[in-house]
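Nothing in this text is a laboratory measurement; each read-out follows from the coordinates by a stated rule. Predicted model, so just to flag it, every value in this text is computed and none were measured. As a convention, Cβ positions derive from the backbone with ideal geometry for all residues, glycine included, and neighbour counts pool all protein chains shown.
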Amino acid sequence: MKTKTLTLETGSKRTIVDITGHVEEFVGGEGDGLINISLLHATAGLALMELGAGTEEDLWASIDRVLPPDARYAHSHGSKGHGASHVLPVYVTPTLTLTVQGGRVSLGTWQSIALIDPNVDNAARQVLLAFIES
């Protein structure tokens with residue numbers, strides 16, 4: 001198994017980061033198998049989604065309806081809405097496993113691998129990539 005840990009700067013506002021290129025570069029044409037992508041944090045998640053067509057705004061609106069960014073949470077330290085960030089991984093998984101065929105990550109035409117980070121208290125994120133070649 002080949003592994004690598006990426007450190008990504010996500011800044012001080014909630015953001016969605018396209019990590020598809022990092023994952024594809026890591027796989028780098030190395031045959032067939034599985035790529036596991038694990039976000040090593042309790043306040044963010046990973047998703048397969050279309051990016052750049054307004055989907056980001058739609059996702060934040062949906063997350064805000066389900067997990068309002070306010071002070072209602074028992075987990076209440078940190079910035080406003082920090083408790084909601086801790087519940088997010090129940091809805092937006094912190095781990096994805098994808099098929100690799102012919103050295104390429106199997107993605108649909110409009111799919112990208114996105115890091116969903118609502119937590120303004122943590123400006124850097126670590127993503128563990130693990131490629132298991134078959």
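Kirkwood Rh over Cα pairs of the stretch 32-71 into Stokes-Einstein at 4 °C, 1.567 mPa s: D in µm²/s?
102 µm²/s
Go through the stretch 29-45 residue by residue and turn each phi into a ³J(HN,Hα) via Karplus (6.51, -1.76, 1.60, θ = phi - 60°); whole Hz please, and just put x for glycine and proline.
Result, ordered by residue: x, 9, x, 10, x, 10, 10, 9, 10, 10, 8, 8, 8, 9, 10, 7, x Hz.
If each DSSP helix of 4+ residues adds -39,500 (n - 2.57) and the sum is divided by the residues in the chain, what number results at 222 nm, nearest 500 deg cm²/dmol?
For the chain, the value works out to -6500 deg cm²/dmol.
Based on the alpha-carbon gyration tensor of the chain, what equivalent-ellipsoid semi-axes (square roots of 5 times the eigenvalues) come out, in whole Å, largest first?
With the √(5λ) rule applied to the chain, the semi-axes are 29, 15, 12 Å.
Sorted by packing (mean other beta-carbon atoms within 10 Å per residue), highest first, where do 58-67, 88-97 land?
Highest to lowest by the protection proxy: 88-97, 58-67.
Counting pairs of alpha carbon atoms under 8 Å apart in space and at least six apart in sequence, what relative contact order in percent does the stretch 2-133 give?
Rounded, it is 54 percent for the stretch 2-133.
What residue among 73, 52, 122 has its Cα farthest toward the positive end of the dipole of the stretch 2-133, where the charges are +1 on Lys, Arg and -1 on Asp, Glu, each on the Cβ?
Positive-end residue among those listed: 73.
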